[in-house]
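The block underneath contains the structure these notes are about, expressed in structure tokens.
The values are calculated or read from the model by the stated rules, or taken from the named source; none is laboratory data. Predicted, not measured: the structure shown is a model, and the values here were computed from it. A quick note on method: Cβ atoms are made from the backbone with ideal geometry, for glycine too, and the neighbour counts reach across all protein chains shown.
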Amino acid sequence: MIALIKKRRPLTLILQCKIKNTKPDMKISITTLLFSGILLFIVACGGNNPDASQSGTTNDAATTANGNPSYDPERGTGKFTEVEVGTTLDVTKATAGEQTFNVKCSACHKLTAEKLVGPGWSGVTSRHKAPWIMNFITNTDEMLNKDPKAQAQLEICLVRMPNQSLSDDDARNLFEFMRKNDGVK
Ligand code: HEC
């Protein structure tokens, strides 16, 4: 036991000195106590840390963008808050949206899931809510500066989508075309 103790760290040695004058069996029980204490401390810390960091992450993801607690990541930032969307497709809007897509978007976006310069549009209406998409395509710069989901795409694509100078109607029509592309009839 004494040989073992000698190999241990200075802290133990100091304690060993302090208890030098006590009886041998007393020594053992104090040393045992000390080590149980250290063990308990390590176990307690190990158990607490993941909990704390987990709840912190959940809160951050739900309510903040760059530390701003009032930011709503579901709608992004821009003029659109609520968008009226029908249960069936508005064919007129979708057709107008398709024309704008051919002129202004198809150079960088495919209608499949495949990435071109930007992400493929397949599934885009389930990845984002209508206001988010319409804010992103009309207020692209600010969204790329502030929005976590837009920034995540930027990290993958490494190209900043340029502002496309869309009118509010263009944006709404394009959203309807995206719904059509995602199978809404
Ligand atoms: C010069 C290439 C380019 C053009 C043109 C372009 N985009 Fe983009 N788009 C991107 C890139 C790149 C991204 C990913 C974010 C980033 O890196 O800026 C993106 C992202 C998007 C997203 C988010 C997709 C997702 O899955 O998160 C939407 C929606 C979008 N673009 C719509 C449009 C619309 C609508 C047009 C046409 C009016 C258009 N884009 C034109 C390059 C382009």
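For the subset of region 164-173 comprising residues that are surrounded by 12 or more Cβ atoms within 10 Å (Cβ to Cβ) and more than 8 Å from the ligand (Cβ to nearest atom), which member is farthest from the chain's Cα centre (by Cα)? If you could, list the steps in order and put the result at the bottom.
We begin by selecting, within region 164-173, every residue surrounded by 12 or more Cβ atoms within 10 Å (Cβ to Cβ); these are 164, 166, 169-173.
Filter once more, keeping what is more than 8 Å from the ligand (Cβ to nearest atom): 169, 172-173.
Values: ASP169: 31, ARG172: 27, ASN173: 29 Å.
Taking the candidates together, the pick is ASP169.
Can you tell me how many residues in region 133-158 are within 8 Å of the ligand (Cβ to nearest atom) and more than 20 Å from ASN68 (Cβ to Cβ)?
Of the residues in region 133-158, 5 are within 8 Å of the ligand (Cβ to nearest atom) and more than 20 Å from ASN68 (Cβ to Cβ).
Identify the single condition in (1) farther than 20 Å from ARG179 by Cα; (2) more than 11 Å from the ligand (Cβ to nearest atom) that MET161 does not satisfy, given that it satisfies every other one.
(2)
Residue-by-condition table, conditions (1) at pLDDT 95 or above; (2) within 17 Å of ALA150 (Cβ to Cβ); (3) within 15 Å of the ligand (Cβ to nearest atom):
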residue	(1), (2), (3)
THR92	yes, no, no
ALA96	yes, no, yes
VAL103	yes, no, yes
CYS108	yes, yes, yes
LEU111	yes, no, yes
TRP121	yes, yes, yes
PRO131	yes, yes, yes
